1. Looking at V217, V225 in this structure, which one is assigned to a strand (DSSP E or B), within 12 Å of the ligand (Cβ to nearest atom) and either surrounded by fewer than 19 Cβ atoms within 10 Å (Cβ to Cβ) or not hydroxyl-bearing (S, T, Y) (or both)?
2. Assess whether R78 counts as being among the charged types (D, E, K, R) and open to solvent by 30 Å² or more (accessible area, probe 1.4 Å).
3. Which one of T98, T25 is surrounded by fewer than 22 Cβ atoms within 10 Å (Cβ to Cβ) and of a type in the set (S, T, N, Q)?
4. Just a yes or no: is a residue in the stretch 197-204 touching a Phe, Trp or Tyr at 6+ places or on another chain (Cβ under 7 Å), within 21 Å of R256 (Cβ to Cβ), open to solvent by less than 10 Å² (accessible area, probe 1.4 Å) and not small (G, A, S)?
5. Residues being farther than 30 Å from A179 by Cβ, away from the ligand (no atom under 11 Å from the Cβ) and open to solvent by 30 Å² or more (accessible area, probe 1.4 Å): count how many of those fall in the stretch 242-263.
6. Run A123 past the list (1) assigned to a loop (DSSP other than H, G, I, E, B); (2) closer than 22 Å to Q2 by Cα; (3) not charged (D, E, K, R) and report the number of the one that doesn't hold.
Amino acid sequence: MQLTLPRQRTLDLARPKVMGILNVTPDSFSDGGQFERLDSALYQAEQMLQQGAAILDIGGESTRPGSEPVPLQQELDRVLPVIEAIRNRLDCVVSIDTSKAAVMSAAVQAGADMINDVYALRADGALAAAAAAGVPVCLMHMLGEPKTMQQQPEYRDVTAEVLDFMQQRVAACLGAGIAREQLLLDPGFGFGKTLAQNYQLLQQLEQWQAFQLPLLVGMSRKSMVGNLLGLPVTERLAGSLACATIAAIKGAHIIRVHDVKATADVLAVLDATLHGVEE
Ligand code: 7PJ
């Protein structure tokens, strides 16, 4: 499996790839003004690439449980300079993590290679913007909205319902003129799911192979790790690595993480086991 990217490039997904999370939200950086923010983002981007990330996911709006939306101009001001700086200086796949149509268009214009949307292109104009941008799009499942999604999510069968939702979103994308080969899917761990539902989704991850589309997962440092183990966000690495390993074994193609080096190490060990080592 592979993704077709802008400027005659491709991303080979025969072996799982690491997507490094690069948040450009005020809480994720010291507030030392525009230059310091850009400098810090670039440094972090460079580090993650050296550590083995194939993709950098750049987000200017927090979608953590309970978070508030960010105004359009603010999101643009946060992400566009970072995308341009990375595009000009570093060789990597740049993903824009947004739900807003205008941010998708501007980010791809600025050099982003793919779109990562936790709303799966359900926002106004997002289907059309993604179709016009012509880049790969990751469709993620979320029940409700970040502000309220963890208030008693209910499913009769979480995997079946999330797969159903995906079928509908894939159909909507095809209807909007997006090529099937441009789509990636993501179960949306932690987005409107209880602890038990998150682990049921992970246990049943093989079922996603029926789509024959690239599968992206994000469990890094999430509550499904923290609440299970009773650990704060700073102590969730081991649990997050276990999630990454399990997902890779069950067929995930892209693992979205904060801790790039540790995840790349785990995937290298898995790869040696599954595909052997050259003597
Ligand atoms: C995800 C995401 C995820 C995709 C976030 C966090 C919350 N995008 N954006 N999948 N999670 N595709 O990283 O803790 O799971 S934000």
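1. On the way: V225 fails: assigned to a strand (DSSP E or B).
The conditions single out V217.
2. no
3. Working: T98 fails: surrounded by fewer than 22 Cβ atoms within 10 Å (Cβ to Cβ).
Among T98, T25, only T25 is surrounded by fewer than 22 Cβ atoms within 10 Å (Cβ to Cβ) and of a type in the set (S, T, N, Q).
4. Scanning the stretch 197-204, I find at least one residue that is touching a Phe, Trp or Tyr at 6+ places or on another chain (Cβ under 7 Å), within 21 Å of R256 (Cβ to Cβ), open to solvent by less than 10 Å² (accessible area, probe 1.4 Å) and not small (G, A, S), so the answer is yes.
5. Just the residues of the stretch 242-263 that are farther than 30 Å from A179 by Cβ, to begin with: 242-243, 245-246, 258-259, 261-262.
This time we only want the ones that are away from the ligand (no atom under 11 Å from the Cβ), so: 242, 245-246, 259, 261-262.
Now narrow it down to the ones that are open to solvent by 30 Å² or more (accessible area, probe 1.4 Å): 242, 245-246, 259, 261.
Residues that pass the stated criteria total 5.
6. It fails just one condition, (2).
Rundown of residues vs (1) within 12 Å of the ligand (Cβ to nearest atom); (2) within 14 Å of the chain's Cα centre (by Cα); (3) on the phi > 0 side of the Ramachandran plot, yes/no style:
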residue: S40; (1), (2), (3): no, no, no
residue: Q50; (1), (2), (3): no, no, no
residue: L56; (1), (2), (3): no, yes, no
residue: G59; (1), (2), (3): yes, yes, no
residue: S62; (1), (2), (3): yes, yes, no
residue: R87; (1), (2), (3): no, no, no
residue: V93; (1), (2), (3): no, yes, no
residue: S99; (1), (2), (3): yes, yes, no
residue: M114; (1), (2), (3): yes, yes, no
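Yes/no per residue for (1) closer than 22 Å to M142 by Cβ; (2) open to solvent by 10 Å² or more (accessible area, probe 1.4 Å); (3) not hydroxyl-bearing (S, T, Y):
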position: L3; (1), (2), (3): no, no, yes
position: M19; (1), (2), (3): yes, no, yes
position: V103; (1), (2), (3): yes, no, yes
position: A110; (1), (2), (3): no, yes, yes
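The values are calculated or read from the model by the stated rules, or taken from the named source; none is laboratory data. Since the model is a prediction, treat every value here as computed from it, not as a measurement. Cβ sites come from the backbone with ideal geometry, for glycine too, and all protein chains shown count toward neighbours. Quick note on the areas: whole protein, heavy atoms, side chains included, nothing else; ligands and nucleic acids left out. Shrake-Rupley method; radii C 1.70, N 1.55, O 1.52, S 1.80 Å.
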